[in-house]
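K.L.:
Following this message is one structure expressed as structure tokens.
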Amino acid sequence: MQTLTLNNGVEMPALGLGVFQTPPAETRTAVKAALDLGYRHIDTAAAYGNEREVGQALRDSGVPRDEIFIETKTWISDYGYDETLHGFDKSAAKLGVDRIDLLILHQALPSDFDKTLAAYRALEKLLADGKVRAIGVSNFMVDHLTTLLDAASVVPAVNQLEIHPYFQQRTVLDFDDQHNILNQAWSPIGGITFYPGYGEDRKSVLEDPAVTRIAEAHGKSPAQVLLRWGLQHGRSVIPKSTKRTRIAENIDVFDFELTADELTALDALETGRRGGPEPEHVTLAAYGRAIPEA
């Protein structure tokens with residue numbers, strides 16, 4: 001497994017299993033399958049409602065804890081200094097661990113950014129106390145990052161973003177690169193384009209002719225090509241699946257390499273169309289919901 005070194009020296013597997021929208025009843029089986037197949041990085045979140053099942057799968061797997069990189073996210077409802085410290089306690093208890101490898105803020109909260117800053121200060125405290133190995137953010141745009149960096153004492157190790165050839169967020173990626181913040185791709189194979197509400201004209205990057213041509217040339221699937229594209233750009237990728245065959249397919253991406261021309265062809269697929277919510281629309285009124293106690 002290829003690894004990436006975060007800005008504080010911590011090593012993280014470049015490819016992991018994401019469990020966004022994975023029902024709790026299916027999460028345990030999916031994570032166990034991933035660990036059986038060689039995955040050593042699992043990405044979850046308090047808001048996903050499946051941290052407990054991730055923890056159960058970790059224990060079921062028999063893989064030593066120090067070989068698994070666990071990443072989770074604090075939801076906006078638990079922002080604020082004391083609230084975020086308690087959010088860690090809830091996540092750690094559900095996961096069944098004393099220390100979390102990477103803890104990140106799930107969204108910026110532009111309507112109350114002081115609460116976001118307080119939440120990040122709590123992450124810094126957890127890092128200083130050794131309760132987490134690295135801290136970061138998710139779905140933060142350049143203005144959010146700029147304000148955060150002005151106030152923070154620790155540069156985020158990771159910014160997790162929607163990144164696939166149809167939506168590349170290059171301005172944010174460039175800013176992250178300049179500040180030694182690792183870009184991590186959620187929806188790295190463009191799965192967001194399948195979500196309800198995307199519109200009658202929704203389409204999948206997996207079916208784009210440029211992608212399928214490259215896949216045929218390498219004897220690989222379109223999903224494998226898209227994951228390879230992200231990896232060769234130096235990003236972390238966390239594809240989601242509940243099917244063992246797909247989970248196995250998604251990790252089988254370290255035995256081929258895209259050419260410079262192929263990378264350029266995929267780079268050229270940018271549509272500028274976001275699949276997830278607009279960051280500025282994330283408010284407690286619209287998206288806030290209580291995260292249950294452990």
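K.L.:
In the chain, which whole DSSP H runs stretch at least 27 Å along their own axis (Cα) and average 1.0 or higher on the Kyte-Doolittle scale? Intermediate results must be reported in sequence, preceding the final value.
P.N.:
Details: long enough: none.
Span-like helices here: none at all.
K.L.:
Of all the accessible heavy-atom surface of the chain, with the other protein chains kept in place and a 1.4 Å probe, what percent is carbon and sulfur? Provide the component values of the computation, followed by the final result.
P.N.:
On the way: 5930 of 12200 Å².
Looking at the chain in its full context, I get 49 percent from C and S.
K.L.:
Also: Applying a 10 Å radius around every beta-carbon, put 168-177, 268-277, 35-44 in order of their mean neighbour count, most first. List each step's numbers first, then the result.
P.N.:
Values: 168-177: 16.9, 268-277: 13.3, 35-44: 21.2.
The packing order, highest mean first, is 35-44, 168-177, 268-277.
K.L.:
Still on this model: Which order do His86, His218, His106 take by accessible area at a 1.4 Å probe, largest first? Please report the intermediate quantities before stating the final value.
P.N.:
Numbers: His86 80, His218 55, His106 20 Å².
Order by accessible area, largest first: His86, His218, His106.
K.L.:
Where does each of 251-259, 111-119 land if you order them by average Cβ count within 10 Å, highest first?
P.N.:
Values: 251-259: 15.2, 111-119: 17.8.
Ranking, from highest mean packing down: 111-119, 251-259.
K.L.:
Setting aside same-chain residues fewer than 8 positions from Lys32, which aspartates and glutamates have a Cα under 12 Å from its Cα?
P.N.:
List returned: Glu53, Asp60.
K.L.:
About the Cα centre of the stretch 64-166, how large is the charge dipole given +1 on each Lys and Arg Cβ and -1 on each Asp and Glu Cβ? Please answer in debye to the nearest 20.
P.N.:
Values: 10 positive and 16 negative charges, 39 e Å.
Here the size comes out at about 180 debye.
K.L.:
So what are the radius of gyration and Dmax for the Cα set of the stretch 91-235, in Å?
P.N.:
17.6, 50
K.L.:
Given the C-alpha atoms of the chain, compute the convex hull and give its volume per residue in Å³. Could the numbers behind the result be given before it?
P.N.:
Details: hull volume 36.4 nm³, N = 294.
Given the Cα convex hull of the chain, per-residue volume reads 124 Å³.
K.L.:
Could you tell me the center-to-center distance, by alpha carbons, between the stretch 216-294 and the stretch 139-180 in angstrom?
P.N.:
Between the Cα centres of the stretch 216-294 and the stretch 139-180 lies a distance of 17 Å.
K.L.:
For the stretch 204-268, state which trypsin sites (Lys or Arg not before Pro) are in a DSSP loop and have at most 16 other beta carbons lying within 10 Å of their beta carbon. Could the numbers behind the result be given before it?
P.N.:
Numbers: sites: Arg213, Lys220, Arg228, Arg235, Lys240, Lys243, Arg244, Arg246; in loops: Lys220, Arg235, Lys243.
Filter output for the stretch 204-268: Lys243.
K.L.:
Taking the Cα centre of the chain as the origin, how large is its charge dipole in debye, to the nearest 20, when only Lys and Arg (+1) and Asp and Glu (-1) carry charge on their Cβ atoms? All intermediate terms of the calculation are to be shown ahead of the outcome.
P.N.:
Details: 29 positive and 42 negative charges, 152 e Å.
The dipole of the chain has a size of about 720 debye.
K.L.:
Suppose only helical runs count, i.e. DSSP H with n ≥ 4. What mean residue ellipticity at 222 nm does that imply for the chain under -39500 (n - 2.57) per run, divided by all residues and rounded to the nearest 500 deg cm²/dmol? If you can, show how the numbers build up before the last one.
P.N.:
Values: 11 runs with 115 residues, N = 294.
One gets -11500 deg cm²/dmol as the mean residue ellipticity at 222 nm.
The values are calculated or read from the model by the stated rules, or taken from the named source; none is laboratory data. On a predicted model such as this, the values are computed, not experimentally measured, just so you know. Virtual Cβ from ideal backbone geometry, glycine too; neighbours counted across all protein chains shown. Keep in mind that these areas ignore ligands, DNA and RNA; they rest on the heavy atoms of the full protein, side chains included. Shrake-Rupley method; radii C 1.70, N 1.55, O 1.52, S 1.80 Å.
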